[in-house]
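Notes for the one structure printed next.
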Amino acid sequence: MRAVFVDANPALAAVADELLHVPGMAIAINRQPDIRPDALRALLRDTDVAIVDHTALPEAIARECTRLRHVVFLGTGARSYMDPEALGALGITVHTIKGYGDTAVAEHAIALMWAAARGLARMDREIRAGTWLRTDGVQLTGRTLGLIGFGSIAAEVARIARGSGLDVVAWNRTPRQSPGVTFIPLGRLLADSDVVSLHLLLTDETRGFLSRARIEAMRPGAMLVNTARGALVDEAAMIDALRAGHLRHAALDVYEAEPLPAGHPLTTLQNVTLSAHSAFRTPEANRNLIGAARDHCQRIVDAVSAPRPAPTGT
């Protein structure tokens, strides 16, 4: 079998060189992570398995790659880059990876929360520009952090936040329990939380989940943290709320369009802190991620190599 790691950045390529070895599968590593559609076609034309970090795989290209049968997506958000059901109709199975960077993403969410509360990004920009700017921040001890969605990442955020003196409330689409976390209706969470942090998977049901109406229902002066997916939020409504001061600050690692285009309105607002979809990027998470991708590839090889049961007579 043949596999291609489609878009390995230098950090992931180094880990893949060490860990991504599967008996019975030849794995090529493309070290030019920003790949164009024509190059993607060429890479996948004679490939059984595509390992994908952040490259879109349109149905039209997949249809041309008649040998392709598996996509191992490095994360949980495959829907931001491809349509798993459409690929499934072509006989291509999309595999995702959970749990590889829960602590990394949680720590990043907490870092964004503190940066938003204290205005760190703006002070940094102003000092570099020669202005000694001092701003009044928000002391978070005793404030309320509301978590929308409560999977393993949100549980880590709750653990860290509670240790920092915040009250943690949460809402989840299915019932959950967690020590020290109070689960409440969504409307109450939006109204009561000083900080709202998003931790939902992106699906057809959750796309645009934080709508204009829900943003308007948030406590005036609240802060928004998003390390999940940009498409969970009505971006235009969020920008309007930031401009009007209804939202004190948005601290974002994910966006509707990535990379964030130059001159995008979010880059012009002072009450926004931005990072480049990097919450999960730590050496520890990278090793977990590539190790899980290797395990997926091994299972694919094993399934192909497994002896088929002998036909029974009739």
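Quick notes
- Test: GLU258 is farther than 24 Å from ALA117 by Cα and not in a loop (DSSP other than H, G, I, E, B): no
- Of all the criteria given as (1) part of a helix (DSSP H, G or I); (2) free of Cβ contacts under 8 Å to residues at least 40 places away in the same chain; (3) closer than 23 Å to ALA3 by Cα, the one not satisfied by GLU126 is (3).
- Counted residues, region 180-204 - those being in a loop (DSSP other than H, G, I, E, B) and modelled with pLDDT of 95 or more: 7
- Scanning region 45-89 for residues that are within 15 Å of PHE5 (Cα to Cα) and among the hydroxyl-bearing types (Ser, Thr, Tyr), we see that the one that is modelled with the lowest pLDDT is THR55.
- The residue pairs whose first member lies in region 81-94 and is aromatic (Phe, Trp, Tyr), whose second member is surrounded by 11 or more Cβ atoms within 10 Å (Cβ to Cβ), and whose beta carbons are closer than 6 Å, counting only pairs six or more residues apart or on different chains, are TYR81/ALA56.
- When restricted to residues that are under 17 Å from ALA16 (Cβ atoms) and either at pLDDT 90 or above or among the aromatic types (Phe, Trp, Tyr) (or both), region 28-44 contains 5.
- Residues that are surrounded by fewer than 17 Cβ atoms within 10 Å (Cβ to Cβ), among the small types (Gly, Ala, Ser) and not assigned by TED's automatic domain parsing to the domain that holds LEU200 do occur in region 58-74.
- Taking the conditions (1) outside the structural domain of ALA14 (by TED's automatic domain parsing); (2) touching a residue at least 24 places away in the same chain (Cβ under 8 Å); (3) not polar (S, T, N, Q) in turn, HIS264 satisfies each one other than (2).
- Taking the listed residues HIS277, HIS249, the one that is crowded, with 18+ Cβ neighbours inside 10 Å and within 21 Å of TYR100 (Cα to Cα) is HIS277, with no other qualifying.
- Whichever residue in region 174-202 is surrounded by 15 or more Cβ atoms within 10 Å (Cβ to Cβ) and charged (D, E, K, R) and, among such residues, is farthest from LEU247 (Cα to Cα): ARG176
- Pairing each residue of region 156-175 that is charged (D, E, K, R) with any residue that is surrounded by fewer than 21 Cβ atoms within 10 Å (Cβ to Cβ) and not in a strand (DSSP E or B), provided the two are 6+ apart or on different chains, yields C-beta distances under 6 Å for GLU156/ASP102; GLU156/THR103; ARG162/GLY180.
- Filtered residues of region 6-17 (kept if loosely packed, with under 15 Cβ neighbours inside 10 Å and touching a helix residue (DSSP H, G or I) at 6+ places or on another chain (Cβ under 8 Å)): ALA11
- In region 42-59, the residues that are at negative phi form Cβ pairs under 8 Å with partners that are assigned to a loop (DSSP other than H, G, I, E, B) and hydroxyl-bearing (Ser, Thr, Tyr), at six or more places apart or across chains, as follows: VAL52/TYR81; HIS54/TYR81; THR55/TYR81; ALA56/TYR81; LEU57/TYR81.
- Condition check for LEU242: assigned to a helix (DSSP H, G or I), aliphatic (A, V, I, L, M) and modelled with pLDDT of 95 or more: yes
- Each residue in region 187-230 was checked for being touching a residue at least 60 places away in the same chain (Cβ under 8 Å) and of a type in the set (Ser, Thr, Tyr), and 3 of them qualify.
- Every residue from region 69-87 that is within 19 Å of ALA8 (Cα to Cα) and of a type outside the set (S, T, N, Q): HIS70, VAL71, VAL72, PHE73, LEU74, GLY75, GLY77, ALA78, TYR81, MET82
- Looking across THR47, THR103, THR55, one residue alone is outside any loop (DSSP other than H, G, I, E, B) and either in contact with a His (Cβ under 8 Å, 6 or more places away or on another chain) or surrounded by 14 or more Cβ atoms within 10 Å (Cβ to Cβ) (or both). It is THR103.
The values are calculated or read from the model by the stated rules, or taken from the named source; none is laboratory data. Just so you know, these numbers come straight off a predicted model, no measurement behind them. Virtual Cβ from ideal backbone geometry, glycine too; neighbours counted across all protein chains shown.
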